[in-house]
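Working notes, beginning with the structure itself.
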Amino acid sequence: MDVMVEARGLEKCFGRTRALQGIDLSVPAGSVLGVLGPNGAGKTTTINCLTTLLKPDKGYATIAGYDVIKQPAAVRSLIGVTGQFAAVDEELTARENLVLFGRLLRLSATEATKRATELLGQFELLEAGNRRVKEFSGGMRRRLDLAASIVAEPLVLFLDEPTTGLDPRSRRQLWDMVVALKERGITIFLTTQYLEEADELADRIVVIDRGTVIAEGTSDDLKNRVGGTFCKLELADPKDESKVRRALSGLGDITGTGTLTLAAPDGVTTLSEVVRRVDAIGVTLADISLCRPSLDDVFFALTGHTTGETT
Amino acid sequence: MMAIDLQAKAKQLVKTRCEVGIGRAIADSFIIGQRNLIRLSRQPAVITGVLVFPIVFLTAFLLAFERSMATQNIDYIQYLVPIITLQAMFFTAMNSASNLAGDIDTGMLQRCRAMPISRAAVLGGLLIAYLVRAIVTLAILLPVAYLYGFRFQSGVFSVIGYILLTLFFTTVAVTGYALLALGLKKPDLVQSLVIVPYAPFLLLSSGFSPAENFPNWLQPFVVTQPVSHIAAALRALADGDPLLIPLLWSVAWLTVLLGGFGWTAIWLYRRIS
């Protein structure tokens, strides 16, 4: 497969802080790489190095074969970047923003206007198109930011935590838009703090912590490393515990007291089997739920510390 | 290796979106300049800064000092208009620093830096917008000064010279303040420090009052610093007095400052993070 983005041994220090300590990664053309990590892990620094905003101290990186250090101008003509904070002009309207970026990307005034209308429609901003961005909600802003980074279609799109701070509905909307871009064949480099987001969007995931890659694989690979989905049941009466344990024997290891957990490799099927068996012995449950590993769980499994501790 | 079509597509994009060259620098600066002008036209504080402030200062200084200056045989309106002009330009440049710091803060600058646009365009666009603003200010200030009795004594070329030298000063001041914004980055910090150069360079100049009115120990600074020379050159242009010496000093100062500020600002722009 063609490699669109490649980084080898990227290192970057800020004073005494070693932000990147040798990042290696590669993104095949047309795929989505999710870079997962807590605050301060080096996600943004990696993006800044790959997008020519920052010069790495050591190592090299290429975009479509162009060297980010030696050919930064060429690299910039191939990429679109959406930063961590929606970087659009607040005083301008959404349409004016898009026209501005279109003109800067060599579209004629007419082309830029046409393209702006097209994008406003595509990103569900047509009605708000002539309002100033400072009146926009967080979700609208992010959508405009995303639209602005593809005014002239890039080969590679960098998205730095595109949904941090968004409500679930806006997050879902943005995800749909990212998926649509992927379907158009754009290679996407996405950083996120949310496993769910990487899960939803990424073909492959790279987990970074303290400036190094600590794990790499598909989201299933990662989840399997932390034990996958598990089922959690809370008994109405703790005295029933041994009865329940007996009824569930053969479904896997059961841990905990009062609240029992067991691996649920088949998800809902395992859950309904548990419900059926508990029901059969006439025991009442206070609660039962299916839990998926969170980023914290993945992190804890991979590093022995939780995400919060690394910041 | 890349597939042939992707490689060809990349090659074509690199070619069509090339950011290098003086043509690109000018075109991109004008696009960003236009954007800055739209922004400026929507900031109420800018409207008062452009329209009202220079007139208020001109009127207030005239009322306060015209009589006392007359005792030194100075026609104060002729003396005052050049420094009021420079002061208006100084305020214009201070506002440019705040706006640039805002762009750094919102990430707009980083977005531009990651786009294939000329490395000179952000500063060029800032300069273009603020030169337009400066011209608007002059178009309001000079007619009002005329109503107050200010006159160009030697014809149209001195008017053109006056405007050009003022715009040269504005260019240097905007570049200097851009440097301040790029260096400090935080809008609050920039906002609180923009006034600092004002006191020594504007107030401690021979623009408001002749150098001999300052304490002896301060006079060497007052007569040497650039604003005094530029104000003197502007007065000479207005009054039709000998121009060569103050003009040479002004151009020398402005050229040196522009070179230093401009080079450092672009250097900082490339490295800012």
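Each value in this text was obtained by applying a stated rule to the coordinates, not by laboratory testing. Small disclaimer: the values here were computed from a predicted structure and weren't measured. When we count neighbours, we look across all protein chains shown, and the Cβ atoms used for this are built from the backbone with ideal geometry, even at glycine.
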request  = Run through all the Cα pairs of the stretch A:229-291 and give the fraction in each 5 Å bin from 0, expressed as whole percent.
outcome  = 4, 20, 37, 29, 10, 1
remark   = Largest first and rounded to whole Å, the semi-axes √(5λ) derived from the alpha carbon gyration tensor of the stretch B:173-228 read 28, 10, 8
message = Can you give the FRET efficiency to the nearest 0.05 for A:TYR60 and A:GLU273, using r as the Cβ-Cβ distance and R₀ = 41 Å?
response = 0.20
task = Determine which residues of the stretch A:189-207 fall in the zone a paramagnetic label at A:GLN122 would reach in this model, i.e. backbone nitrogen under 19 Å from the point 7 Å along Cα→Cβ.
result = A:189-190
message = Can you compute the radius of gyration and Dmax for the stretch A:184-281, using only the Cα atoms, both in Å?
response = 18.4, 58
ask   = Which of the lysines could be linked to A:LYS12 by a straight reach, that is with a Cα gap under 24 Å, when you skip same-chain ones fewer than 8 residues away?
value = A:LYS43, A:LYS55, A:LYS58, A:LYS70, B:LYS185, B:LYS186
note = For the stretch A:132-142, Karplus-derived ³J(HN,Hα) couplings (6.51, -1.76, 1.60; θ = phi - 60°; whole Hz; x for glycine and proline) come out as 6, 5, 5, 8, 7, 6, x, x, 5, 4, 5
message = 7 Å from Cα along Cα→Cβ at both A:GLU216 and A:ALA236: what's the point-to-point distance in nm?
response = 5.3
remark   = Cα extents of the protein assembly as shown per principal axis, largest first, Å, are 111, 58, 49
Scattering curve values for the stretch B:135-273, log₁₀ I(q)/I(0), Debye with Cα scatterers, q = 0.18 Å⁻¹ = -1.14
task = Round to the nearest 0.05 the FRET efficiency obtained for B:ALA60 and B:THR255 when R0 = 45 Å and r is the Cβ-Cβ distance.
result = 0.85
query = Using only helices, what value at 222 nm comes out for chain A when you add -39,500 (n - 2.57) per DSSP H run of length 4 or more and divide by the total residues, to the nearest 500 deg cm²/dmol?
reply = -10000 deg cm²/dmol
ask   = So what's the gap between the Cα centers of the stretch B:46-66 and the stretch A:208-240, to the nearest angstrom?
value = 69
key: Under DSSP loop assignment and at most 15 Cβ neighbours within 10 Å, longest trypsin sites (Lys or Arg not before Pro)-free interval of chain A   = A:185-311
ask   = Taking N as the number of residues in chain B, what is its alpha-carbon radius of gyration divided by 2.2 N^0.38 Å?
value = 1.15
Averaged over A:62-73, number of beta-carbon atoms from partner chains that fall within 10 Å = 3
task = Calculate the all-directions average of the projected area of the stretch A:31-73's alpha-carbon convex hull, and give it in nm².
result = 3.6
ask   = How far apart, in nm, are two points set 7 Å out from the Cα along the Cα-to-Cβ line at A:THR284 and at A:ASP176?
value = 4.2
query = With the radius of gyration and the Kirkwood radius both derived from the Cα set of chain A, what is their ratio Rg to Rh?
reply = 1.08
message = Two decimals, Cα atoms only, Kirkwood Rh: what is Rg/Rh over the stretch A:1-132?
response = 1.04
task = Pull out the extension gain between B:GLN43 and B:ILE245, defined as 0.36 nm times the separation in residues minus the alpha carbon to alpha carbon distance; nm, one decimal.
result = 68.7 nm
key: Contact order normalised by residue count of chain B, Cα under 8 Å, 6+ apart, percent   = 25
